[in-house]
Amino acid sequence: MGGARFRSPSTGRSIRAVLFDTFGTVVDWRTGIASAVAGYAERRQPELDAAAFADRWRDRYQPSMEPIRSGAREFVTLDTLHRENLHAALLESGIDPADHDAGELDDLSRVWHELTPWPDSVPGLTAIRSDYIIGPLSNGNTSLLLDMAKNAGIPWDVIIGSDSNRMYKPHPRAYLHTAQLLGLHPGEVMLAAAHNGDLEAAQAAGLATAFILRPLEHGPHQTTDLAPTGSWDISATDITDLAAQLRAASPG
């Protein structure tokens, strides 16, 4: 890695790693999940609204992690939670999972391993990678993130999944243990994310922060995270813009 690096106004340190929230920030989860659900519906449930089901499945994402963050449940991987949440979303949609072969539902649940990046993600990450360590700081488990990277050509330097931290964001451990595994001070790590709540928790843990605008993450009627709501170090329109801002603000 060459060149001088961005100095974070909030941490007072030169950034060495730029880590990324993944679902919604780097990859377009909603389009990918809705597409897979549409294929399932064509085969099994023609009247199912694929986009609405994708939202219903995703709506269980954070609530399913809360018992683990609170200590009420032992850690299980996001793959396990996605599979449990699929079962619940089917029931909520009036579909009996018992009418399906378990392998069919396992295959549908694995679509989270195969999501497509936003068009700017790979070019932007490639540009940032020339000067910084890049990787996900995600609630995804390592095998999920590895499969996603291989399928989508995401050029991570390192993948530290939530199964390494055994904790889910926004618990402080998720941020601090990742920095520790990289041998970095938290202030030398920047989290880039499309979610203000994620950035708020990362900032409270001592990380630098960058907001990435993703106005279509939740579809055309999105009402949240349409602008930065905190004093983040950088606010960018996409990941290529983040790369340009990091380069422009770096001394030398």
Let me know the Rg and Dmax you get for segment 16-101 when you use only its Cα atoms, in Å. 14.8, 51
Alpha-carbon spread of segment 45-95, three principal axes, descending order, Å: 40, 16, 14
Helical contribution to [θ] at 222 nm, DSSP H n ≥ 4, -39,500 (n - 2.57), averaged over the chain, rounded to 500: -13500 deg cm²/dmol
Taking r as the C-beta separation of Arg7 and Arg173 and R0 as 25 Å, the FRET efficiency to the nearest 0.05 is 0.40
Extending each Cα 7 Å along its Cβ direction at His185 and Ala244, get the distance between those two points in nm, one decimal. 3.2
Want the number for Thr142 to Glu200: 0.36 nm per residue separation, take away the alpha-carbon distance, what's left? 18.5 nm
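So how strong a dipole does the chain carry about its Cα centre when Lys and Arg Cβ are +1 and Asp and Glu Cβ are -1, to the nearest 20 debye?
1080
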Just name one of His221, Ser70, Trp57: the one whose Cα is farthest towards the positive end of the charge dipole of the chain (beta-carbon charges, Lys/Arg +1, Asp/Glu -1). Ser70
Could you give the spread of the C-alpha atoms of segment 128-193 along their three principal axes, from largest to smallest, in whole angstroms? 30, 27, 20
Counting only DSSP beta bridges with both residues in the chain, what percent are antiparallel, rounded to the nearest 5? 10
Please compute one quarter of the surface area of the Cα convex hull for segment 199-252 and express it in square nanometres. 4.4
Within a Cβ distance under 10 Å of Arg13, other residues only, what is the Lys/Arg minus Asp/Glu net charge? +2
Can you give the accessible area of His185 in Å² (nearest 10), computed on protein heavy atoms with a 1.4 Å probe? 80
Per-selection Kirkwood Rh - segment 34-165 (Cα, Å, 1 d.p.): 16.3
Among Ile33, Leu108, Phe20 - extreme Cα towards positive end, dipole of segment 1-121, charges at beta-carbon: Phe20
So, with a 1.4 angstrom probe, what is the percent of accessible area on segment 109-252 that is carbon and sulfur? 55
What does the charge add up to near Thr229, with Lys and Arg as +1, Asp and Glu as -1, over the other residues with Cβ less than 15 Å from its Cβ? -3
Enumerate the residues in segment 214-247 having an amide nitrogen under 16 Å from the point lying 7 Å beyond the Cα of Ser14 toward its Cβ. 246-247
How many angstrom lie between the C-alpha centres of segment 205-252 and segment 9-79? 19
Taking the square root of 5 times each eigenvalue of the Cα gyration tensor, what semi-axes in Å does the equivalent ellipsoid of the chain have, largest first? 33, 19, 16
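The values are calculated or read from the model by the stated rules, or taken from the named source; none is laboratory data. Just so it is clear, the structure is predicted and the values come from calculations on it, not from any experiment. Cβ coordinates were reconstructed from backbone atoms using ideal geometry, including for glycine residues, and neighbour counts include every protein chain displayed. Accessible surface areas use protein heavy atoms only, side chains included; no ligands, DNA or RNA. Shrake-Rupley method; radii C 1.70, N 1.55, O 1.52, S 1.80 Å.
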